């Protein structure tokens, strides 16, 4: 390849043929300002800031794309060039939200720096910001479309450098902008969070979200070391540098506790070396911890029979307890082991739910503890995602499928077939997984997070169910008319196992008992939904929505003209629940009635959202109950808008970490709420009231008693709230 | 328990049994030459049935100790207690032929009348008083919580007062943000420490002016006239706190009316049952 000779600003230069004027000048130390050009990207010449004056040329040329030619005479600082460059910068600044996020964060927005150098304080052109909006859906990168100057550096970074092909252009004219996939929010796109776009961006259009506020305990991991790990290899070094404090190496000695159930945290753990034991340390009882296993005989009996004798009728076949880890815990002996390559604490990290189980190092362990920006990066990393998915398919899919009672009978051969056929899909908060009326093409099993099942209803949305890990949906549409009967929406970071319709039909064809169970379940769910809709439509929806009482399925109402305040109801409740009452004889008064503070078994049970171990659930008979394996994190109590779930403290003996071989009393707690004494014929509070004052009633019936039109009650309630 | 239409089946059954018993007794009394006696077959039958009903009525207390046992709803037991207990009096009177011979029988009957009387009184109280507590104590709280609520009210009142005149335990101090004359502040402080605080400290003291709604209104009206505008909002709040205190006192009083009769009814019922048993053994054996 021969060299070309040209003159730049009076300097004779010689560069290889094909070199751009911009690079030629740079090689000889002549700086030409630019915005859209980066050395590691193909020049595109869209910003025109790098224009130069080429003698005998008709117009100014963009130096980044103009090849150097023999005998070319170039002026980079002529009056004409300076005027043109200044005008360009002024025009860019006219629709730039100055100071942009980058300027505010690190004072190095390239456009604003250039404007300052050009002496532009106030542009001559009227300021008009393009209403392209912001996108905060990504956990790690903030997108401000309004600050985008359409230089395409991010697009080229994504496509040419990282080969991810996520970024492109959208729109036309003043509203043109960058787009992720088919113009999806960044967090919902196939973006792998490598950070290249952010590193490439010259302005505040793509900036790092500074989520690293806390200093994690542990050994900092430097960027070079991180990049040696397969799942960080494709992540931009600068981006890792920006987030390096969000991941630390933790070393745990054998027996050391990594995290405890019920604690609030914001990190996930990835096991590098060693093994960890995951278990529930809270006693399995509700709430009396001494009922079983006391004395020699009691302990022997407990050992012999496990907890099977305590199961409720409909959970006879329950095999596992869902936790925030790649494995579920066996129901009768809730302990499991995690090893290298396992990631746990995802829900805590992504959705800030309490820890679902206690993790203890079974051997000396090395783990990476990470904040959610790093977790997001590795979850989006194709290598690690494939590894985690493979782990899940290999170890947990069997348990997970079998945790659904009707799939318990599937033979291993078929599960092996499913193992490779199922799809693992992630959704972010607010994503609609399936829409009512759509064609039913899949069955979903929830692996992580919470899903809301709802139906549109005149005047609002009617929530049919909240489903957590182990929950499933989509069978009604597949076994019914092939149309989705409800809308399912992700309430937080959700991961589902998707079984395509074809496989699903093959499965139910091959296993008639599965089909029968599913059909029975479909009929039950349809009947429940029908009843709920019937209840909802029989009352004015305004009232239904305006006040919490109408959300209830069952109110504990006291007739204050009959009640002698003897508290027999409270004592009965305590007697029926291990000495801990689940009702308080106080609450809202309507006329002569008191709506006592006791679980209302709401139609929209917000308390169920977020339970890290799925121990609060709705039974088939619609009442909301808390299972024995509650870990006492208190999230349900916090979520209940009516204060009807109480945390009850109790003492248990645990091994003293300081004095080996000794035990110490530790205070734990469990959530308690009214279970309507479903194992008995009638709620004990009602049964034990000698004065016929306590009643469990539906809101409709209650308002009939009060003799007040619902509308007026709703108005009063609304006024009171105001 | 409220005596209303829902009691009709029990009333009808009790009245029917009473009529049948009365007819039987009249026939028996007329036919018996020596007059009705407890030791006769019919008299003994009245006695046994009457005592059985007394025992059943007495078992209500035991039933309450096992509220979760599914041995009949507590309200059914209560209705039975009321009506069959009442019927037992008639049967026992028939058993003894309206004569109380011997000291034990005399004591027994005396006890029986007191027990039945206190029971009727209790029924009347429990019929009317719950409505009273509902209407007269809108701010009713759980009885056991009253001391705690009172402590909170005192604390709230102290904070309100401190906002005007500084910590009530110390000497008067300027409070930022409030333009109140020193004299007003001192007057407020004196009124609070002399009238409001002592009342909140011991709301059950008789004769205190704030324990009476009318006098309380007069007191606070006078203070409002005396003190400057910025203090009046606090006076309103303190007046409301005093009103809540009065309601709590009222609740305690009504609560005692509701349950005090049991102090007579329950021990005497136990004594009656025990002595009734002694009487039965002695009568049958000797």
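A short reminder: the numbers here are calculations on the coordinates, not readings from a lab. These figures come from a predicted structure and were not determined experimentally. Reconstructed Cβ throughout: ideal geometry from the backbone, glycine too, with neighbour counts over all protein chains shown.
Laid out as a table, the results:
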read-out	value
Per-q log10 I(q)/I(0), the range A:368-476, q = 0.13, 0.16, 0.23 Å⁻¹ (Debye; single scatterer per alpha-carbon; no solvent)	-0.63, -0.90, -1.41
Choice from B:102, B:85, B:58 with maximal GNM fluctuation in chain B (Cα, 10 Å cutoff)	B:102
0 to 90° range, to nearest 10: angle between helix A:79-94 axis and chain A longest Cα axis	10 degrees
Label-to-label distance, nm, for residues given as residue A:382 and residue B:45 (7 Å Cα→Cβ offset)	9.9 nm
The range B:221-271: radius of gyration over Cα atoms, expressed as a fraction of 2.2 N^0.38 Å	2.07
Where the Cα pairs of chain B fall when distances are cut into 5 Å bins, in %	1, 5, 10, 11, 11, 10, 8, 6, 6, 6, 6, 6, 5, 4, 3, 2, 1, 1, 0, 0
Choice from B:18, B:41, B:157 with maximal GNM fluctuation in chain B (Cα, 10 Å cutoff)	B:41
Order of A:393, A:58 under a 10 Å beta carbon neighbour criterion, fewest first	A:58, A:393
Computed label-point distance, nm, for sites residue B:264 and residue B:205 using a 7 Å Cα→Cβ extension	3.3 nm
Euclidean distance of C-alpha centroids, the range A:179-253 and the range B:8-70, integer Å	87 Å
Peptide A:683-689 - average C-beta neighbours from other chains (10 Å radius)	5
Per-residue mean of C-beta atoms belonging to partner chains within 10 Å, peptide B:60-70	5
Tail weight of P(r) past 25 Å, computed on alpha-carbon pairs of the range A:1-112, percent	25 percent
Cα-based helix-to-principal-axis angle, A:382-391 vs chain A, degrees rounded to 10	20 degrees
Residue exposure sequence - B:33, A:250 - by fewest surrounding Cβ within 10 Å	B:33, A:250
Translational D in µm²/s for the range A:412-538 (Stokes-Einstein at 37 °C, 0.692 mPa s, Kirkwood Rh from C-alpha pairs)	217 µm²/s
Distance between the range A:374-433 and the range B:91-166 - C-alpha centres, whole angstrom	64 Å
C-alpha long axis of helix B:103-136 to longest principal axis of chain B, angle in °	40 degrees
Residue A:366-residue B:283 pseudo-label distance in nm [points 7 Å out on the Cα-to-Cβ vector]	9.3 nm
Kirkwood-based Rg to Rh ratio, the protein assembly as shown, C-alpha trace	1.11
Distance from the range A:85-147 to the range B:234-286 (C-alpha centre basis), Å	79 Å
Over the range A:555-708 - Rg/Rh using Cα atoms and the Kirkwood inverse-distance radius	1.05
Order of A:421, A:244, A:670 - criterion: other Cβ atoms within 10 Å of each residue's Cβ, fewest first	A:421, A:244, A:670
Ratio Rg/Rh, restricted to the range B:36-126 and using Cα atoms, in which Rh is the Kirkwood radius	1.03
Reciprocal of mean inverse Cα separation for the range B:143-258 (Kirkwood radius, Å)	14.7 Å
